[in-house]
Amino acid sequence: MTPSRPTAEGQPRGGRRSPRLDIDLPASLAGRSPSAATLVDLSLGGCLARCERPLDPGTILDLRVELGGAPFTAKVRVCESSVDGTSLSQPRPLYLAGLEFLGLPADEERRLRAFLDAERRRRPRARPSHS
């Protein structure tokens with residue numbers, strides 16, 4: 001996968017619609033079998049989650065996470081899933097799943113945008129990740 005770089009208009013290349021922010025938030029994914037996850041990056045369009053099991057691309061799940069002290073829920077589609085290479089030395093490998101938000105309601109999108117903006121201001125060194 002080639003790294004994405006912002007274009008002259010500030011939009012990320014490589015299919016990304018919005019810049020990602022590195023983050024570390026506990027979350028849950030509900031579907032046929034609920035599971036715990038950790039969000040490792042977050043954007044207006046989706047997130048990257050670290051999970052204990054691989055997720056099948058195309059699967060629709062309910063994501064639940066606390067943003068700014070309040071619950072945030074969204075329908076997500078699994079775009080891709082792979083082994084987390086940083087976990088290979090552990091007894092059980094972890095998996096990374098790229099999740100796309102589906103039909104995010106306007107009020108939840110505003111909350112998410114406000115959270116991302118606040119995190120970027122709070123962490124002046126935080127740079128959007130475009131990979």
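Taking Arg120, is it basic (Lys, Arg), closer than 18 Å to Pro19 by Cα and at pLDDT below 95?
Details: basic (Lys, Arg): yes; closer than 18 Å to Pro19 by Cα: yes; at pLDDT below 95: yes.
Criteria met by Arg120.
Just checking, how many residues over segment 68-111 are surrounded by 10 or more Cβ atoms within 10 Å (Cβ to Cβ) and in contact with a strand residue (DSSP E or B) (Cβ under 7 Å, 6 or more places away or on another chain)? Give the derivation first.
Keep residues of segment 68-111 that are surrounded by 10 or more Cβ atoms within 10 Å (Cβ to Cβ), which gives 68, 72-87, 93-102, 104-105, 108-111.
From the residues that got through so far, the ones that are in contact with a strand residue (DSSP E or B) (Cβ under 7 Å, 6 or more places away or on another chain) too are 72-84, 93-102, 104, 108, 111.
Adding up the residues that qualify gives 26.
Among the residues of segment 52-64, those identified as modelled with pLDDT of 95 or more and surrounded by 20 or more Cβ atoms within 10 Å (Cβ to Cβ) are Leu61, Leu63. Quickly run through segment 56-96 and pick out the residues that are in a loop (DSSP other than H, G, I, E, B) and over 17 Å from Pro26 (Cβ atoms). Hits for segment 56-96 are Asp56, Pro57, Gly58, Thr59, Leu88, Ser89, Gln90, Pro91, Arg92, Pro93. Whether a residue is crowded, with 18+ Cβ neighbours inside 10 Å and touching a helix residue (DSSP H, G or I) at 6+ places or on another chain (Cβ under 9 Å) was assessed, and Leu42 passes this test. Applying the set (1) in a strand (DSSP E or B); (2) under 12 Å from the mean Cα position of the chain (by Cα); (3) surrounded by 15 or more Cβ atoms within 10 Å (Cβ to Cβ) to Ser18 leaves exactly one unmet item: (1). Within segment 64-101, being under 13 Å from the mean Cα position of the chain (by Cα) and among the small types (Gly, Ala, Ser) holds for Ala74, Ser81, Ala97, Gly98.
With respect to the conditions (1) in a helix (DSSP H, G or I); (2) basic (Lys, Arg); (3) touching a residue at least 40 places away in the same chain (Cβ under 8 Å), Arg110 lacks only one, and its number is (3). The residues of segment 13-63 that are touching a residue at least 24 places away in the same chain (Cβ under 8 Å) and acidic (Asp, Glu), listed by number, are Asp22, Asp41, Glu52, Asp56, Asp62.
The values are calculated or read from the model by the stated rules, or taken from the named source; none is laboratory data. Nothing here was measured: the structure is a model prediction, and the numbers come from that model. With ideal geometry, Cβ positions are generated from the backbone for all residues, glycine too; neighbour counts draw on all protein chains shown.
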